[in-house]
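Where a number appears in this text, it was derived from the coordinates with a stated rule and is not lab data. Keep in mind that this is a model prediction, so the values were computed, not measured.
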Amino acid sequence: MIIVLIGAVISALLVGFLAGLLSFKVKDRWCPHCGTTTSELARQQPGHAR
């Protein structure tokens with residue numbers, strides 16, 4: 001009974017972790033070249049962001 005509960009908790013944590021990884025869009029938030037957020041780049045250098 002305890003092992004089933006532990007397995008269910010670990011499975012739920014793993015599913016939540018993977019859902020978080022898949023929903024986080026790094027490419028939309030950070031510039032791959034300089035690391036600045038894309039919203040800051042759009043204000044500073046209009047041609048730099050995407």
Original post:
Stretch Leu18-Ile2 to full length: gain in nm at 0.36 nm per residue minus the Cα-Cα span?
Top reply: 3.3 nm
Subject >> Under-5 Å amide H pairs with Trp30, H placed in peptide plane, nonlocal only >> reply: Thr38
